[in-house]
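A short worksheet on the structure shown next.
The values are calculated or read from the model by the stated rules, or taken from the named source; none is laboratory data. Note that the structure is predicted; figures quoted are calculated from it, not measured. All Cβ positions, even for glycine, are placed from backbone atoms using ideal geometry, and neighbour counts span all protein chains on display. Just so you know, the surface numbers come from the protein's heavy atoms only, side chains and all, with ligands and any DNA or RNA stripped out. Shrake-Rupley method; radii C 1.70, N 1.55, O 1.52, S 1.80 Å.
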Amino acid sequence: MARKGSDTSTIVGLVIGVGGLIAGFLLDRGSLLALIGIPALIIIVAGTIGALTISYSLKDVLGIPRLVRQSMRRVPGPSPQLAQQLLEFAEKARRDGILSLEDTVDELEDETLRKGLRLVVDGTESEILMEVLESDLSILEQRKLEEAAIFETAGGFSPTMGIIGTVMGLVLVLGRLGADPKEIGHSIATAFIATLYGIGFANLFWLPISNKLRGQVKMLRLEKELIIVGVRSIQQGESPALVREKVEGFLQEREKRELDQHRTE
Amino acid sequence: MARKGSDTSTIVGLVIGVGGLIAGFLLDRGSLLALIGIPALIIIVAGTIGALTISYSLKDVLGIPRLVRQSMRRVPGPSPQLAQQLLEFAEKARRDGILSLEDTVDELEDETLRKGLRLVVDGTESEILMEVLESDLSILEQRKLEEAAIFETAGGFSPTMGIIGTVMGLVLVLGRLGADPKEIGHSIATAFIATLYGIGFANLFWLPISNKLRGQVKMLRLEKELIIVGVRSIQQGESPALVREKVEGFLQEREKRELDQHRTE
Amino acid sequence: MARKGSDTSTIVGLVIGVGGLIAGFLLDRGSLLALIGIPALIIIVAGTIGALTISYSLKDVLGIPRLVRQSMRRVPGPSPQLAQQLLEFAEKARRDGILSLEDTVDELEDETLRKGLRLVVDGTESEILMEVLESDLSILEQRKLEEAAIFETAGGFSPTMGIIGTVMGLVLVLGRLGADPKEIGHSIATAFIATLYGIGFANLFWLPISNKLRGQVKMLRLEKELIIVGVRSIQQGESPALVREKVEGFLQEREKRELDQHRTE
Amino acid sequence: MARKGSDTSTIVGLVIGVGGLIAGFLLDRGSLLALIGIPALIIIVAGTIGALTISYSLKDVLGIPRLVRQSMRRVPGPSPQLAQQLLEFAEKARRDGILSLEDTVDELEDETLRKGLRLVVDGTESEILMEVLESDLSILEQRKLEEAAIFETAGGFSPTMGIIGTVMGLVLVLGRLGADPKEIGHSIATAFIATLYGIGFANLFWLPISNKLRGQVKMLRLEKELIIVGVRSIQQGESPALVREKVEGFLQEREKRELDQHRTE
Amino acid sequence: MARKGSDTSTIVGLVIGVGGLIAGFLLDRGSLLALIGIPALIIIVAGTIGALTISYSLKDVLGIPRLVRQSMRRVPGPSPQLAQQLLEFAEKARRDGILSLEDTVDELEDETLRKGLRLVVDGTESEILMEVLESDLSILEQRKLEEAAIFETAGGFSPTMGIIGTVMGLVLVLGRLGADPKEIGHSIATAFIATLYGIGFANLFWLPISNKLRGQVKMLRLEKELIIVGVRSIQQGESPALVREKVEGFLQEREKRELDQHRTE
């Protein structure tokens, strides 16, 4: 059901954010080379990945690239198309009986809708039907939220790894005190690179992607709730007018009008 | 229903807050020029917007100006006028039957009230009526809270972008150690401007507006809850005295007296 | 019902807290003059008030002095006197019928008790009665908690305004580097005063008063819940022994004994 | 019911924690005298107590020593002895009728059990019985949690008082800049003592004791819930096998076996 | 039921994390010796353990090694094998009657399944059955979460002990100001080691293991919920198709196919 497509906001956001930081730095007559620190990079990345691996499991950590790609997909939430389809099913079921949906069921793409209608066609009791669908949704949501939580946890570890890197760098510097102040200045600068990377990764990678995944879960839940409301209406044989009132609440103003156009057609 | 008007508190607050900071600085014999930093501004704004774009979507970020304007509108919450209107509907429905409301329904401005009364006139079962109205309200509230959350998220990113800017500035300074102390002092000052902007934007723009939007959602929910309570009372044909007791709980002391005046008139 | 009186703990606490800070400072051979900073004061107070005004509204901010005074009133929570009164009403209603309470109702000071008993005397259905009283209480509680939240929000803004003030002060100092170190030291000290004020106001004014108001809301809720339990018992005509068991749970050990004395009298 | 005794873990923990800090300091060739700072102590203690007095009340603050002693008592939670006693009451009630418990009731030490059984013997309706016991438990729990919250609040104020003390100390130092560096070093060290005390008191006194009290409340709740489950089983006249299954869930593995031994005896 | 095995991710994560930190440090031409600080180690470990002992009890603290080992075990959550077994029980009970399960019950490894089926065989009422199983699960979950909370609490104490250690180190240094700058640099470096250890232990030991234990509790809850759903289906004598729909929701895509293979066999 979900109109899955590409969501370029991750790329756009990275360009704006990282680009802005670099632009500000260059405008301040800084050399980009001064911001490169391989030791700091190793400390931040390995430290964060290590802490994540202990927190979850190697499998979860290896799944991070998949989740990053997932964060770039569009999850549109409850769409007028879905609402329209539920309305049509409700009308058909009311007109021709619930069994008339039997042939359509297996072709449905959305798993919740397919399972829901199959249970309706099989004559499952209303209360049990709701219980099964809501239990499934809540388990699905929990799994998705835990995936988002991996990124949030990483966003918490990353700045502290930055502090660790900086403190280690300062320990190095302080052990060499008395040397040429210019060199010391350079070493302290290098130590601060770790803080920069730690905070930067957290705030332009881990936390924003965690937010994005969480937002996708909310959209997914809303979409599934619309389906559950629709399936129950179909089972109860409610009047098309009432079903319309029910599903409309899931749509935004503009989308409601889109749905209403179908009505007059 | 809502007496929508302008709410000047955002402007007033900005004047007091920013004005106070500047006044304190000038009183300390500081030059305003010393507080201007274009690179810092770019880092803070682009960094925050970038992180927001990854977290939500370009569309959400482009909607920020609309939300800022929205935060300057008055959202008065449950008003005595609304309570009075619900009382009159309840009396009319009790006297002349629910169908007597049919003509009034379509002229109503508030969508919840219109939908609720339409469902009542259509003879919807009480339980389903409540379910539809509360589901609609909870979806509306969720959407509004997510809009406020954008500002709260920005209020979290902004100071960390300030730290990033300052650390980048310090890296610059430290690479030039050994130079004229006066120039170094100036460079460190510039680096701190980023912290200033990061914390300033967060605490005088993002977070206060997030608070304001959240407060508006609470007022909106209370207003909608009053409508839902009223619609149910109308459907149940409850006595005017009881309806009055119910709606009065939503009003503040002063407003209750306003409502009571209508009683004696 | 509430034995309202003065609660001196705000004054006592301020004396202990501020006094202790000053005593420690003087013991360290500091001059009180060194702690006075008008620019810092302006920055902290105007910054915090400005951020609050954007967050809420000018009306809410102007209500802060009223809330400070409110925090100095005693809110005793459920009292044995109230419990005793509910017991007597329950006995009277059981003995002489619910209508025997009609004359007493309008003289009652507590609004919840008055409204509850009036609804009981009017013969309101038990379920609706509970719904009305609990809805009223939850709206009242929400309003009171939002008042306490103003102080908590201020307690969050105040230290960040302190940081802003200090950073602005440091920017000033750094622009003058190379000057007499003694003067520089003095300027840095002045910059730190802002941090001092920011944290001081938060921790000895905003946050403690927010805590106090929150505690008062809890007491108020408990008192109102006792009334609601009592009103329902009166409506149900429950035995005095059972009503006693119910209301006793709201009292503390010592207060229970106070209530039991009335029993034997 | 609770096997109340002494819990030495507070003392042991203080010895380990404070001892470890001092041992590490001495090992670093530090002089204990360097860690003593009377002004800092006054600032931290008076500041924290002052903020607490405003937040709560003088009475609550004066009750802190009592709560510290309370934190050193053992609160064992649901015990096999209690489970066994409930089983015996259930068997007796089933065999000889509920009234057979009448004589035992008044001798019971635990207030919840006494009140519950008295209500059962008095023939209170099952639903009301549960309501009364659960309302009492929730009020008791709320009061206890607020006591623990005093310590948590103190644990939040203490480090900020430490920062205030340190900033005040630095203000002193900076006013004397240009003096003998050795003396300045000493003064800065003294300023840091306040941070040390602030964090130390929070992390080795306030917060751990808050945790302990909270843990005790959880144990208390579990014990009371076991009693409530038991009392209901007694009232319902459930079979001893079923009551055993119910109460066993409250015990830990080892304790279940202890209970099972009583079975075979 | 749980396929218990070893989970190497704790070891792998520690190697990646600690290894990465050390690699970055060495790459920066640091000597590992510079990172060793016995006094700091004593302060962090004893301080954290001390604070934990006051917070919980000596017994809980001594149980930490057992919990670390527990965090290295695999807790697979709801497995297709378990789902399959529940399906078979459901079919058998429907075909041969519930009593046909009597012999199998006592051989079951999982305690919840054993207790649930025993209660079913004993003819326990459905509502009471659910109540007992869910109460047991919620108590079990609470105990497990409190174990995870010990590690989270430690993760909060550890960095503050690091700050205490560093401040104590700085106090030492400042008392010796005026000495050879090289030696002073070395002493400050030593002071920072405490911060390093405090943050390091928190982020590569306490917090990740707390996360891991929490994740295990979630898996355990899901597994137990699957059992509870299954036991109720068995008691209700639901059709195998419906039971399959119910248990499938607990499995992941890949696992569902595994379960479906059993279907066709």
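Here are a few things to note about the model shown:
- Pairwise centroid distance, computed over Cα atoms, of the stretch D:187-265 with the stretch E:6-24, Å: 35
- The Cβ shell under 13 Å around D:Gly237 holds other residues with a net charge of +1, Lys and Arg each +1, Asp and Glu each -1.
- Placing a label point 7 Å from Cα along the Cα-to-Cβ direction at C:Arg29 gives distances to the equivalent points in the other copies of 2.8, 2.8, 4.6, 4.6 nm, listed shortest first.
- Taking a ≥ b ≥ c as the square roots of the eigenvalues of the Cα gyration tensor, the stretch C:62-143 is prolate, since a/c reaches 1.5 or more and a/b is larger than b/c.
- C:Phe205 accessible area, 1.4 Å probe, all protein chains in place, Å² to nearest 10: 60
- Estimated vicinal HN-Hα couplings, Hz - the stretch A:224-229 in sequence order (Karplus 6.51, -1.76, 1.60; Gly, Pro = x): 5, 5, 4, 4, 4, 4
- For D:Asp60, the solvent-accessible surface computed with a 1.4 Å probe is close to 60 Å², ligands and nucleic acids excluded.
- Label point distance in nm, A:Lys59-C:Ser239, each placed 7 Å from Cα along Cα→Cβ: 6.0
- Label 7 Å beyond Cα on the Cβ vector: A:Gln81 copy-to-copy distances, nm: 4.3, 4.3, 6.9, 6.9
- Largest first, the residues B:Glu102, E:Glu107 sort by 1.4 Å accessible area into E:Glu107, B:Glu102.
- For chain E, built as a Gaussian network whose Cα springs stay under 10 Å, the top-fluctuating residue of E:Lys144, E:Lys92, E:Lys59: E:Lys59
- Peptide-level mean, for A:159-165, of C-beta atoms on other protein chains within 10 Å: 6
- A cut-off under 13 angstrom between Cβ atoms defines the neighbours of D:Lys115, and their net charge, with Lys, Arg +1 and Asp, Glu -1, is -4.
- For chain B: relative contact order, % (alpha-carbon pairs under 8 angstrom, 6 or more apart): 32
- Summarising the label geometry, the points placed 7 Å from Cα in the beta-carbon direction at A:Arg143 and C:Arg95 lie 6.7 nm from one another.
- Three-way shape label, the protein assembly as shown, alpha-carbon gyration tensor, a/c 1.5: rounded
- Cα-centre dipole for chain B with unit charges at Cβ (Lys and Arg positive, Asp and Glu negative), debye to 20: 1140
- Inter-label distance for D:Ile11 and C:Asp122, nm, one decimal - labels placed 7 Å from Cα along Cα-to-Cβ: 6.4
- Environment charge at D:Ser187 (Cβ cut-off 11 Å; Lys +1, Arg +1, Asp -1, Glu -1): 0
- Centre-to-centre separation between the Cα atoms of the stretch A:38-99 and those of the stretch D:98-157: 46 Å.
- Note on the stretch E:134-265: dipole from Cβ charges, positive end direction compared against E:Leu137, E:Gly175, E:Ile228; the farthest Cα belongs to E:Gly175.
- Exercise: per-residue mean of other protein chain Cβ atoms within 10 Å, E:39-45: 6
- Per residue, the protein assembly as shown exposes 42 Å² of solvent-accessible protein surface, assessed with a 1.4 angstrom probe and all protein chains in place.
- Scanning residues 5 or more positions from A:Arg73 or on other chains, those with amide H under 5 Å from its amide H are A:Asp7, with H placed 1.01 Å from N in the peptide plane.
- Projecting 7 Å from Cα along the Cα-to-Cβ direction, the label point of E:Ser100 sits 4.1, 4.1, 6.6, 6.7 nm from its equivalents in the other copies, listed shortest first.
- Accessible area of chain C belonging to carbon and sulfur atoms, whole % at 1.4 Å probe: 57
- Overall form of the stretch E:1-120 per C-alpha gyration tensor (a/c, 1.5; a/b vs b/c): oblate
- Area accessible to solvent at E:Asp106, 1.4 Å probe radius, in Å²: 110
- Over chain B, dividing the summed -39,500 (n - 2.57) contributions of all DSSP H runs of at least 4 residues by the number of residues returns a 222 nm mean residue ellipticity of -26000 deg cm²/dmol.
- Taking the C-alpha atoms only, the angle from helix C:126-175 to the longest principal axis of chain C is near 10 degrees.
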